[in-house]
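Contents: one structure, followed by commentary.
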């Protein structure tokens, strides 16, 4: 049985990589975007970017600030936040916000403080990590689920509750191409214990859930902010180096830069395109299908996901 399961996983991985290696690589970016410049002016806008001290998040924060935005950069490492703020072309356009994004109390506190200071034009749910080791936060939540999904829900709720997100606000969620291999399974979002935890499976579920959550946010009516979900392709980040060393060794020559991974997020914020349909995930400034395989359509509904997040957030916050 174990050999059979391993063979199925190997075949599945082969099919996945054969299907996506070209479009998700740097070659795919150059084919679809090429040297197209992004002439955007974000002057006067207030941005919130999570996971802003490294990789794609750092590139988004710097790209927005360089185009005039005031960026509130959320991360847990104070030194990296200060280095980010000091590295902006126009110093003062990036404001460090120290927050442990796996702790819902910290996320809610940061969101309330941001909302109290004024409206948010663009919220980028960028933070994400793949946790191979099963770790529970002090609030009792599996760390990957807390960081990759539950914290997004809590931050969004805090900003809405404080009146910072309105119909002119944009929400951009950073998913991953890994979601193409998963149908949304609510019970797989957070393992009950280490024995049942699989970092690859959980990460794919979190990223699929971001797509479903975007559908929910866009169902809230004309007076709610608009939401887009994207994925950056395969980017050479610290997270890939630590969580997927074998993948990186094999694909390193064609992995994207952080700036290439960030491009679509900045483009979405600048253009705010209409959705061509109720479904879709953005890659390289284009709306792609969000399902590549038929089985991924058989997942839980967005409303069921929201109910799970509401209940889990309430427990973590002690409500």
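Coordinate-derived values only; no laboratory data. Note that this is a predicted model, so its numbers are computed, not measured. Here the Cβ positions follow ideal geometry from the backbone for every residue, glycine too, while neighbour counts run over all protein chains shown.
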Inset, instruction - Please report, to two decimal places, log10 I(q)/I(0) for the chain at q = 0.13 Å⁻¹ as given by the Debye formula with identical point scatterers on the Cα atoms and no solvent. - result: -0.93
Legend entry - Antiparallel bridge percentage (DSSP; both residues within the chain; nearest 5): 15 percent
Inset, instruction - Return the ratio Rg/(2.2 N^0.38 Å) for region 220-319, where Rg is computed over Cα atoms only. - result: 1.36
Legend entry - Shape call, region 178-239: gyration tensor on alpha carbons, a/c limit 1.5: oblate
Inset, instruction - Let me have the 222 nm mean residue ellipticity of the chain computed from DSSP H runs of 4+ only, each contributing -39500 (n - 2.57), with the sum over all residues rounded to the nearest 500. - result: -13500 deg cm²/dmol
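Divide, for region 145-290, the radius of gyration over alpha carbons by 2.2 N^0.38 Å, where N is the residue count.
Working: Rg = 16.0 Å, N = 146, 2.2 N^0.38 = 14.6 Å.
With N residues counted in region 145-290, Rg over 2.2 N^0.38 Å equals 1.09.
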Legend entry - Peptides 29-37, 172-180, 289-297 ordered by average Cβ neighbours within 10 Å, highest first: 172-180, 289-297, 29-37
Inset, instruction - Calculate the length of the line joining the C-alpha centroid of region 106-130 to that of region 241-301, in whole Å. - result: 22 Å
